[in-house]
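Derivation of every value follows stated rules applied to the coordinates shown; laboratory data play no part. Bear in mind the structure is a predicted one, so any value in this text is a computation, not a measurement. Don't worry about glycine lacking a Cβ; one is built from the backbone with ideal geometry, like all the others, and counts go over all protein chains shown.
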Amino acid sequence: MAAYAIVVRDGQILLARSPAPDGTPEWVVPGGGMEHGEDPYDTVRREVEEETGYRIEVTGLLGVDSSRRTFRAGFGRAVDHHGVRFVYEGRVIGGELRNEVGGSTDLAAWQDLDAVPGLVRVRMVDIALRLWRERPSTGRLTDAVDVEPVREQAPE
């Protein structure tokens, strides 16, 4: 389980860059995995501060995204992974933009909303932006069912 924040101001979105396993950096929505016993609301505020330096106020829950993938490590059994991701809207209330050191991201930046389609990004950026734009009353994108075939190795 994970929690992410869409933070938009003046036509720009706050994103973080994650070094990808193949060496091509990808832009991600600030956020990440919940610690055991942690509330997703607290997770998103902690993760945004860790990855960007900003403290945010959560202004709303935009929705929940669910994904299911099967991974196979070598000749081992396939592992069925189910991810649940809370997507919040937030606004900056303090802190200063900075890059994360020693974490899962290496750069934080404001990107023009119009430029996002041209960025190398993870799929979660598009899902979160759609939730922000469409604001479905159910908190779910009905056509965003995410089931992928077996992969050879689990992501790190």
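Worth pointing out:
- Candidates per chymotrypsin sites (Phe, Trp or Tyr not before Pro) in the stretch 31-80, loop by DSSP, up to 12 other Cβ within 10 Å: PHE75
- For the chain, calculated [θ]222 nm from helices alone, where every DSSP H run of n ≥ 4 adds -39500 (n - 2.57): -5000 deg cm²/dmol
- Estimated FRET transfer efficiency (LEU97, ASP22; beta-carbon r; R0 25 Å; 0.05): 0.40
- Shape of the stretch 3-55 from the C-alpha gyration tensor: oblate (a/c of 1.5 or more and a/b not above b/c, with a ≥ b ≥ c the square roots of its eigenvalues).
- In this structure the amide hydrogen of TYR88, modeled in the peptide plane, comes within under 5 Å of the amide hydrogens of TYR4, ALA5, ILE6, LEU62, none closer than 5 places in sequence on its chain.
- Where trypsin sites (Lys or Arg not before Pro) in DSSP loops with at most 14 other Cβ within 10 Å are excluded, longest remaining stretch of the chain: 1-76
- Translational D in µm²/s for the stretch 20-89 (Stokes-Einstein at 4 °C, 1.567 mPa s, Kirkwood Rh from C-alpha pairs): 91
- Computing Rg and the Kirkwood Rh from the Cα coordinates of the stretch 74-130 gives a ratio, Rg/Rh, of 1.06.
- Estimated at 0.36 nm per residue, the fully extended path between GLU38 and VAL120 surpasses their Cα-Cα distance by 26.5 nm.
- Semi-axis lengths (Å, descending) of the ellipsoid that matches the C-alpha gyration tensor of the chain: 25, 18, 16
- Counted charge near ASP126, where neighbours are those whose Cβ lies closer than 11 Å (Asp, Glu -1; Lys, Arg +1): +3
- ARG133 versus LEU107: modelled label distance in nm, points set 7 Å from Cα along the beta carbon direction: 2.4
- Each Lys and Arg adds +1 at its Cβ and each Asp and Glu adds -1 at its Cβ; summed about the Cα centre, the chain shows a dipole of about 360 debye.
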